[in-house]
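Coordinate-derived values only; no laboratory data. Please read these numbers as outputs of a predicted model, since none were measured by experiment. Methodologically, a virtual Cβ is constructed for each residue, glycine included, from the backbone with ideal geometry; neighbour enumeration extends over all protein chains shown.
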Amino acid sequence: MHDLLNDEQRRVLAELVEVPAGARVSTLERLRRPVVKASGPQMERALARVAEIAALGVGEVDVSVIPPRRMAELWRYGMDGKATLIDRHGAERKLATLLATVVHLTTRSVDDALDEVPLIFRTRCQVGC
């Protein structure tokens with residue numbers, strides 16, 4: 001999997017497990033959190049999450065050569081594991097886990113945002129349609 005990435009993509013993935021200055025959690029931990037409440041501001045947050053994940057530039061990596069079961073194992077670990085533990089792995093395992101996680105998050109974040117749409121319409125129609 002390491003060979004599928006260019007230097008910039010490797011750098012971007014490696015930075016996901018770091019805690020930015022002034023933040024309390026790593027970027028990975030923040031991006032893993034979906035929107036939990038249907039509202040206009042939360043819909044904006046969901047769409048911003050989609051855009052931020054897409055801007056990483058890793059979602060378009062062709063991972064078709066990786067067996068789906070292996071991808072699932074890696075993204076499950078990446079979604080559930082603490083960023084500090086993922087960071088302790090060797091470079092190849094860490095990047096493979098982060099790549100699988102971001103590929104999963106690319107789809108998952110769009111699904112999460114789309115799940116908000118019917119809830120917002122129901123809420124708005126109850127208030128005054």
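Below are the figures for this structure:
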item: Among the residues listed as ALA14, ALA83, the single one being crowded, with 17+ Cβ neighbours inside 10 Å and either β-branched (Val, Ile, Thr) or touching a helix residue (DSSP H, G or I) at 6+ places or on another chain (Cβ under 9 Å) (or both); result: ALA83
item: Residues within the stretch 55-72 that are in contact (Cβ under 8 Å) with a residue 24 or more places away in the chain and either touching an Asp or Glu at 6+ places or on another chain (Cβ under 9 Å) or of a type in the set (Asp, Glu) (or both), tallied; result: 2
item: Every residue from the stretch 19-42 that is in a loop (DSSP other than H, G, I, E, B), in contact (Cβ under 8 Å) with a residue 60 or more places away in the chain and not β-branched (Val, Ile, Thr); result: PRO34, ALA38, SER39
item: Every residue from the stretch 25-60 that is β-branched (Val, Ile, Thr) and surrounded by fewer than 18 Cβ atoms within 10 Å (Cβ to Cβ); result: VAL25, VAL36
